[in-house]
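Worksheet: the structure to be examined is printed underneath.
The values are calculated or read from the model by the stated rules, or taken from the named source; none is laboratory data. Quick caveat, the model's predicted, so the values are computed rather than measured. Cβ coordinates were reconstructed from backbone atoms using ideal geometry, including for glycine residues, and neighbour counts include every protein chain displayed.
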Amino acid sequence: MDISIESNAVLTLQPLTMIVRRHWSDYRKGEFRLVDLDGVHWSDISGGVGAFSPRPFLHCYVYCTAMVSGELAHSCRHRPPPHRVKVCIVKKDNPKTTYAAALAMMEKSGVGKGV
């Protein structure tokens, strides 16, 4: 099979992104590249105010300066950025393949259920 590409065609690959929130029920959502997520784990305690969730959700850490788009319940008033922020990964906010990638990151790191 021959594959031809027109001379003016451009192939661009977009990095996978994940939608996260500070707390599972927060209306504010931020988008981060999957490669910027660190320490994916299960938890029932949110970042920031440390509110409890009704059940464990996937959580991870991101740097506030790495946000691609959106809004998080985080301000940089307490000291200059960047800040390592704990965020919640809500399954319904993300495509199945992206959520599965976050689960795989957790399994690969060997981090268990940290409730």
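Observations on the model:
- Residue, surrounded by the most Cβ atoms within 10 Å (Cβ to Cβ), within segment 83-115, restricted to residues that are among the hydroxyl-bearing types (Ser, Thr, Tyr) and at pLDDT 90 or above: Tyr99
- Qualifying positions in segment 41-69 - hydroxyl-bearing (Ser, Thr, Tyr) and not in a strand (DSSP E or B): Ser46, Thr65
- Residue within segment 29-40 that is assigned to a loop (DSSP other than H, G, I, E, B), over 12 Å from the mean Cα position of the chain (by Cα) and touching a residue at least 40 places away in the same chain (Cβ under 8 Å) present: no
- Scanning segment 70-100 for residues that are under 16 Å from Asp26 (Cα atoms) and not in a loop (DSSP other than H, G, I, E, B) turns up Gly70, Val85, Lys86, Val87, Cys88, Ile89, Lys91, Lys92, Asp93.
- Single residue of segment 11-26 satisfying the filter (assigned to a loop (DSSP other than H, G, I, E, B) and in contact with a Lys or Arg (Cβ under 8 Å, 6 or more places away or on another chain)) that is surrounded by the fewest Cβ atoms within 10 Å (Cβ to Cβ): Pro15
- Close contacts from segment 55-70, counting a first residue that is without any contact (Cβ under 8 Å) to a residue 24 or more places away in the chain and a second that is surrounded by fewer than 19 Cβ atoms within 10 Å (Cβ to Cβ) and among the basic types (Lys, Arg), with Cβ to Cβ under 9 Å and a gap of 6+ residues or different chains, come to Cys64/Arg84.
- The residues of segment 14-33 that are in contact with a helix residue (DSSP H, G or I) (Cβ under 6 Å, 6 or more places away or on another chain) and either more than 13 Å from Met67 (Cβ to Cβ) or not hydrophobic (A, V, I, L, M, F, W, C) (or both) amount to a single one, Leu16.
- Near pairs, Cβ below 6 angstrom, 6+ apart or cross-chain, from segment 79-95 (touching a residue at least 12 places away in the same chain (Cβ under 8 Å)) to any residue that is polar (S, T, N, Q) and surrounded by fewer than 18 Cβ atoms within 10 Å (Cβ to Cβ): Pro81/Thr65; Pro82/Thr65
- For Val68, the test of being farther than 15 Å from Met105 by Cβ and touching a Ser or Thr at 6+ places or on another chain (Cβ under 7 Å) is passed.
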